[in-house]
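The values are calculated or read from the model by the stated rules, or taken from the named source; none is laboratory data. Just so it is clear, the structure is predicted and the values come from calculations on it, not from any experiment. Here Cβ is always computed from backbone atoms with ideal geometry, including for glycine, and neighbour counts include all displayed protein chains.
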Amino acid sequence: MKYLVIIEKTKTGFSAFSPDLPGCVATGATREEMERNMKDAIAFHLEGMHQEGLGVPQPHSSSTYLDVPA
């Protein structure tokens with residue numbers, strides 16, 4: 001499955017979260033580190049949901065960019 005991940009630049013690196021998986025977040029000093037950490041966080045999050053007998057949520061979020069006058 002593919003989940004939308006929102007990535008934000010921070011003062012110390014990068015952070016990320018997935019709107020389809022509340023509470024699933026990761027950080028990293030580099031974008032590459034954050035992406036690795038986020039993949040691990042998603043896998044861990046889904047495994048925890050499975051162990052608790054919860055259904056795995058289907059991805060439903062999307063994103064786009066809009067042009068607006070500045």
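For segment 11-21, how many residues meet the condition of being in a loop (DSSP other than H, G, I, E, B) and either of a type in the set (Lys, Arg) or surrounded by 12 or more Cβ atoms within 10 Å (Cβ to Cβ) (or both)?
6
List pairs: first residue in segment 22-50 and touching a residue at least 60 places away in the same chain (Cβ under 8 Å) and farther than 20 Å from SER61 by Cβ, second residue surrounded by 15 or more Cβ atoms within 10 Å (Cβ to Cβ) and not small (Gly, Ala, Ser) anywhere in the structure, Cβ distance under 9 angstrom, at least six positions apart or on different chains.
none
Does GLU35 meet the test of being crowded, with 16+ Cβ neighbours inside 10 Å, among the acidic types (Asp, Glu), in a helix (DSSP H, G or I) and at pLDDT 95 or above?
Numbers: crowded, with 16+ Cβ neighbours inside 10 Å: yes; among the acidic types (Asp, Glu): yes; in a helix (DSSP H, G or I): yes; at pLDDT 95 or above: yes.
Criteria met by GLU35.
Checking CYS24 against (1) surrounded by fewer than 13 Cβ atoms within 10 Å (Cβ to Cβ); (2) touching a His at 6+ places or on another chain (Cβ under 6 Å), only one condition comes out false. Which one?
CYS24 satisfies all of (1) surrounded by fewer than 13 Cβ atoms within 10 Å (Cβ to Cβ); (2) touching a His at 6+ places or on another chain (Cβ under 6 Å) except (1).
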